Structure formats: structure tokens, C-alpha cells
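Right, one structure below, let's go through it.
The values are calculated or read from the model by the stated rules, or taken from the named source; none is laboratory data. A quick note: this is a predicted structure, and the numbers were derived from the prediction, not measured. Neighbour counts are summed over all protein chains in view; Cβ atoms, including those assigned to glycine, are modelled from backbone coordinates with ideal geometry. Quick note on the areas: whole protein, heavy atoms, side chains included, nothing else; ligands and nucleic acids left out. Shrake-Rupley method; radii C 1.70, N 1.55, O 1.52, S 1.80 Å.
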Amino acid sequence: MSKGRVRWISLVILTLVAILATASGRLTVRADGASPAEMLERAWRNAQDAGSYRFISDIDQTLVPRPIPQMIGQRESAIHLALDGAVLLPDRAYV
């Protein structure tokens, strides 16, 4: 390789390292500093303030047998649920 190409590659690498070093402090910070419980409470308040809302949810759960002698030979099983519905506050809903 020529000296000019080595310098150019070194400059690009150093620039990338400098960008990553300055941005690394911002990458680990969450946009919302609230705890999961606070975020859930805020979502519940927003839903109540809206008055009515629709929802769609997909749930996948895998049940794994416990490692005890009574469950020898049993395999894990999967459950898949798809839910949708609507809520009309204060007293109507369908799922």
C-alpha cells in the first residue's frame, strides 16, 4: 500500500473512533427515565383520558417442563394467542 492510502485509511478510522467516543455517552441513556411501573401507570392514565380505544395484541408463550422425575419425557409446548378488541369507557368493551 502506498503511504497516501495508509494515511487516508488511518484518518477515516480515527474519525470513526472519535465519533463513536463522543456519541457513546448518549447511546446508553433511555429516552424516558421512568421506571416500568411509572410507564404502565402513565399508559393507563392516557387510555382513560382517551375515553375509547382499540387494541391488538399477539402473545407467544413457551411452557418448559420442570426438571423433576415426574416430568421426564415431557416436551416444551407453545401457546399462541391473538387478541383484538375495543373499549368504550366507562362501561363497554369487547375482546
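In deg cm²/dmol, rounded to 500, what helix-only [θ] at 222 nm does the chain give when every DSSP H run of at least 4 residues adds -39500 (n - 2.57) and the total is split over its residues?
Working: 2 runs with 40 residues, N = 95.
Helices in the chain give a 222 nm mean residue ellipticity of -14500 deg cm²/dmol.
May I ask you to compute the full-extension gain from Asp58 to Trp44, defined as 0.36 nm times their residue separation minus their alpha-carbon distance, rounded to one decimal in nm? Mind dumping the intermediate values first?
Values: separation 14, 0.36 × 14 = 5.04 nm, distance 1.92 nm.
My answer for the length gained is 3.1 nm.
If each Cα of the chain is one equal point scatterer, what is log10 of I(q)/I(0) from the Debye formula at q = 0.14 Å⁻¹?
-0.85
Listed highest first by mean packing, meaning other Cβ atoms within 10 Å per residue, what order do 66-75, 46-55 come in? Walk me through the numbers before you get to the answer.
On the way: 66-75: 7.6, 46-55: 10.9.
Averaged packing, sorted descending, gives the order 46-55, 66-75.
Of Val12, Ile72, Ala93, whose Cα points farthest to the positive end of the dipole of the chain (charges on the beta-carbon: +1 Lys, Arg; -1 Asp, Glu; origin at the Cα centre)?
So the residue we want is Val12.
Accessible area of Trp44, 1.4 Å probe, to the nearest 10 Å²?
140
What dipole magnitude, in Debye to the nearest 20, does the range 3-95 give about its Cα centre under +1 on Lys/Arg Cβ and -1 on Asp/Glu Cβ? It would help to have the intermediate numbers written out before the result.
Working: 11 positive and 9 negative charges, 172 e Å.
Charge dipole of the range 3-95: 820 debye, to the nearest 20.
What's the FRET efficiency of Ser35 with Leu83 using the Cβ-Cβ distance as r and R₀ = 22 Å, to the nearest 0.05? Walk me through the numbers before you get to the answer.
On the way: r = 26 Å, r/R0 = 1.18.
Computed FRET efficiency for Ser35 and Leu83 comes out at 0.25.
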